[in-house]
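One structure is given below, encoded as structure tokens.
Read the figures in this text as sums done on the coordinates, not as results from a lab. Predicted model, so just to flag it, every value in this text is computed and none were measured. So basically every Cβ, Gly included, is an ideal-geometry build from the backbone, and we count neighbours across all protein chains shown.
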Amino acid sequence: MATPAVLEPVVMSANPAVVWQKILQALASECGRTTFTTWLQPLGFQDIIDDRAILTAPTRFLRDWVNANYGDRLRGLWAAEFPSVRRVEITVAASLQDTPAIPAPSAPSVSHDSAAATAANDAISAPLDPRFNFENFVVGKPNELAFAAARRVAESPSVPFNPLFLYGGVGLGKTHLMHAIAWHIRRNQPQRKVIYLSAEKFMYEFVKALRFKDTMAFKEQFRSVDVLMIDDVQFISGKDSTQEEFFHTFNALVDQNRQVIISADRQPSDIEGLEERLRSRLGWGLVADVHPTTYELRLGILQAKAEKTSVPVPHSVMEFLAQKITNNVRELEGAFNRVTAHATLVGRAINVEMVGDVLADLLRAHERRLSIDEIQRRVATYYNLRSQDMVSPRRAREVARPRQLAMYLAKVLTNKSLPDIGRSFGGRDHTTVMHAVSKIEDLMKTDATLASDVETLRRQLTV
Ligand code: ADP
Ligand code: MG
């Protein structure tokens, strides 16, 4: 016959909520500050049921990470303080807001508030990735405006501009910046209610509400929000009733001076199938773009990643990857992770040759032989010119600059010699090509639009 669990607290004098605070303190002193604040502090204590301590985590991702890395340690700490506990179970805190906060009278200074606030925010909000914070975001020319705007919104107690509209291509850090804003506000201004969700989830929730004839409750969820973030808003283009609902939510929040943050893959005026009044309102605040990465930014991102890995990654390998994997940051990270995972698994040192083997498939795709002809065609299309303009003797600026750019791309993306390139551009001299290459290199340092054009074209040509 098992002893009724309810008797146990009488035997154990400890209050589990206080024990939990003690455990948090122990963890805070034994692991690094970043690990603690990122992974462990967001945990909450819920209950002791039989021999299990039930903890809550704001996201599944965080739960899995804690189970994998701190599961045993948590169990050990609990068992030491509270011998009836044999297991630790972490649930994802979707409904924590229904549970009254557990009073911890003599609680040590480790704050429990942010975890509770996080859980309360999670009713409709999508999970936040703990790695997507400002500290992990590498800033460079292509993203400095978006980064500065995101920081301003996160740090300001009021609403500096409304909405903040972030746009740019896939895998360039928009979602990362939005999560970073959410983490920052949740940590530093826990009284502000922050909701982050994709436009797709917004629509899903809305359709669900329609189906259950519960649109009042749906609206209610947004009424008390202080900061609303909707990711990938291009998704709702053409979806009329979702758009309509979004427009109302958006207007209501902006009118009450609540912060709204939107992301999309292009600027408001370029999103088709969006109603005019919504389109124009989206552009009222600050519109900040994230440009394609530059070589320097890619290198910076790799360096930051290398600092966090236990395997040494030689600089030559980072340069190699920054040169070859140019599409977006997601792909760059993927390549880096593959390389380091491989090195760890088979115990092989990382060098350029090894990277060539491990990433053979990826690199082949990037190294598809490019002809000068194809470069000329792409550049011409990009600038709305005819292919003949690339080889013609015309020297008007609107033709000459794109032609120089094409010469530059021919130089960096193919292994053709300068005289070869000159010949392919209507029989020009190799000094003309040389001049074009250095001209473009110079301009890229000062002209952000041109630099971004170059990267876009380079990307198009190397996929
Ligand atoms: P987007 O939402 O623009 O498609 P994400 O924010 O999902 O892109 O970014 C893709 C991946 O690249 C994520 O893992 C993100 O952490 C990483 N990333 C993007 N930009 C940066 C940056 N500037 N510094 C560090 N990591 C970045
Ligand atoms: Mg995204």
Worksheet item: Which entries of Lys174/Lys308; Lys141/Lys416; Lys22/Lys305 show an alpha-carbon separation above 27 angstrom in the structure shown?
Response: Lys141/Lys416; Lys22/Lys305
Discussion item. As an exercise, use a Förster radius of 25 Å and the Cβ-Cβ distance of Asn337 and Tyr204 to find the FRET efficiency, rounded to the nearest 0.05.
Written reply: 0.25
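Figure the gain on full extension for Val391 and Ser29 (residue separation times 0.36 nm, minus the Cα-Cα span) and round it to one decimal in nm.
123.5 nm
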Response to the item:
Between the alpha carbon centres of region 125-144 and region 227-297 the gap in Å comes to 19 Å
Worksheet entry | Pairwise label distance in nanometres, Asp72 with Ser156, each label 7 Å out on the Cα-Cβ vector | 4.9 nm
Response to the item:
Rounded to the nearest 0.05, FRET efficiency between Asp240 and Thr431 (Cβ-Cβ, R0 45 Å) equals 0.15
Worksheet item: Tell me, what is the FRET efficiency for Ala148 and Lys213 to the nearest 0.05, using R0 = 51 angstrom and their Cβ-Cβ distance as r?
Response: 0.70
Discussion item. In region 52-78, whose amide N lies under 13 Å from the spot 7 Å out along Cα-to-Cβ of Arg86? List them in ranges.
Written reply: 52-53
Worksheet item: Residue-wise, which Karplus ³J(HN,Hα) couplings in Hz belong to region 282-288, taking 6.51 cos²θ - 1.76 cosθ + 1.60, θ = phi - 60°, and x for glycine or proline?
Response: 4, x, 6, x, 10, 9, 10
Worksheet item: Between Ala14 and Glu319, what is the label-to-label distance in nm when each label sits 7 Å out along the Cα-to-Cβ direction?
Response: 5.6 nm
Worksheet item: Give or take rounding to whole Å, what are the principal axis extents of the alpha carbon atoms in region 238-314, in descending order?
Response: 52, 26, 22
Worksheet, complete the sentence: Taking 183-194, 275-286 and ranking on average Cβ neighbours within 10 Å, highest first, one gets 183-194, 275-286
Fill in: Inter-label distance, nm, simple model (7 Å from Cα along the C-beta direction), Ala304/Ile49
4.0 nm
Worksheet entry | Overall Cα dimensions of region 288-424, principal axis frame, Å, largest first | 57, 37, 20
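Please report the net charge: other residues with Cβ closer than 11 Å to the Cβ of Glu333, K and R +1, D and E -1.
Net charge in that neighbourhood comes out at +4.
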